[in-house]
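Just so it is clear, none of the values below were taken in a lab; they were calculated from the coordinates. Values in this document were obtained by computation on a predicted structure and should not be read as measured data. Positions of Cβ are generated from backbone atoms using ideal geometry, with glycine treated the same way; all protein chains shown enter the neighbour counts.
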Amino acid sequence: MNKNIAVIRGDGIGPEIVEQALKVLNKISELYGHTFNYTDADMGGCAIDKHGDPLPESELKKCLDSDSVLLGAVGGDKWNNVPGHMRPEKGLLRLRAGMGVYSNNRPAKIWPQLASASPLKKSIVDKGIDFIIVRELIGGIYFGEHKTVEENGQKNAIDILAYNEEEIERIGRIGFETARKRGKKLCSVEKSNVLDSSRLWKAVMHKLAEEYTDVELSDMLVDNCAMQIVKNPAQFDVVVTENMFGDILSDEASMITGSIGMIPSSSLGKTTCGLYEPIHGSAPDIAGKDIANPIGTILSAAMMLRFSFDMPEEADCIENAVSKLLDDGYRTADIMPSDEKEAAKCKKIGCTECGELILERMAK
Ligand code: IPM
Ligand code: MG
């Protein structure tokens, strides 16, 4: 197959982790006889520096014209003082909205090899951690009106959180469909004891539940969910939630699996043109040092193959190679066990080396 991939390297560690993912994709094309054509697109801080805009129209167009987009990470201290609408993150939000990718899928799955890297007690980890957070991605407070006004001699900052029924229904369906293909348990997370938008959320989920009678729907308040994720993560199969709750809970969920550096994500809308990115940020403090973990990005590329290109075998090939790498004891700094004895059994590797060692383990 011939596929066009828009590649956004972004800022901080973005370029180095994306480089490793491209090597992996090239190896897939070699092994399986596909052709991947890459088009570089600028987004984030580097786009501000180059074009004076975190996502110029020309760059968005490259993404919309592609079969899918692979993204590293954007942002950094350098652009902290630019006005809100010009921040690197605004480029990312405009990209997600421009592509219409309302459904963000963030798996929280513990790799058995990394169980000791989890900050949770062994007795909790041993019960298993394998769930997916389905996060609404282009609505809610991220996309409501933002403004700061002067009132009675002081500044008043306003961010609006709004959801309509249609926006909730379409992400709700993804939640139910995802659960249907897994353990058939869907937990809808909201704050219906306080927020109107959450009360509507809950009502729409329950209406949908009448159609998905094979899936068991439960409700959970977001504060309780934050607690349950560390107390008993084994209870979750699929969690569906709004944009900001999903942002926060997915960081928490990733951490209990060992490291945020391991977690990929897919974002899809009405078409198969998806946006694939690791869930971590641009980590400017370690940028250029060749110590970042590229696995979140490499696994994002695998998700692209699976969900947008219908190449499940190729995706398995990448995931198996990552698993073998971990079996062989190789660890980037973020996933080195904290226990000295455990650490002594592992070999610490950098970003490029991690990419190379995964390539060596890829076979048809
Ligand atoms: C994420 C990130 C982004 C978000 C930022 C960089 C805008 O934290 O993908 O989780 O909040 O969605
Ligand atoms: Mg986040």
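Here are a few things to note about the model shown:
- Fraction of beta bridges assigned by DSSP in the chain that are antiparallel (%, nearest 5): 40
- Cα centroid of segment 62-90 to Cα centroid of segment 189-244, whole Å: 30
- Net charge of Cβ neighbours under 15 Å - reference GLU190; Lys, Arg +1; Asp, Glu -1: -4
- Subtracting the Cα-Cα distance of GLU353 and LYS109 from 0.36 nm times their residue separation leaves 85.4 nm of extension gain.
- Mean separation of Cα pairs under 8 Å and 6 or more residues apart, divided by the residue count, gives segment 119-256 a relative contact order of 37 percent.
- Charge tally for LYS127 (other residues, Cβ to Cβ under 13 Å; Lys, Arg +1; Asp, Glu -1): +1.
- Distance between the 7 Å Cα→Cβ label points at ASN164 and ARG180: 2.5 nm.
- Label zone at TYR38 (point 7 Å along Cα-to-Cβ), backbone N below 15 Å, segment 311-333: none
- Inter-part distance where segment 287-357 and segment 1-57 are each reduced to a Cα centre, Å: 18
- Radius 13 Å from Cβ of VAL230, net charge of other residues (Lys, Arg +1; Asp, Glu -1): 0
- Taking packing as the residue-averaged number of other Cβ atoms within 10 angstrom, the listed peptides 352-363, 39-50 run from highest to lowest as 39-50, 352-363.
- Remark: segment 221-228, residue by residue, has Karplus-estimated 3J(HN,Hα) of 6, 4, 5, 5, 4, 4, 6, 5 Hz, where x stands for each Gly or Pro and the curve is 6.51 cos²θ - 1.76 cosθ + 1.60 at θ = phi - 60°.
- Percent of beta bridges antiparallel (DSSP, segment 1-152, rounded to nearest 5): 40
- Calculated FRET efficiency, HIS85 to GLU340, Cβ-Cβ distance, R0 = 41 Å: about 0.30 to the nearest 0.05.
- Nearby lysines by direct alpha-carbon distance to LYS364 (threshold 28 angstrom, same-chain neighbours under 8 apart not counted): LYS3, LYS23, LYS27, LYS109, LYS181, LYS324, LYS347, LYS348
- Convex hull volume of the chain per residue (C-alpha atoms, cubic angstrom): 147
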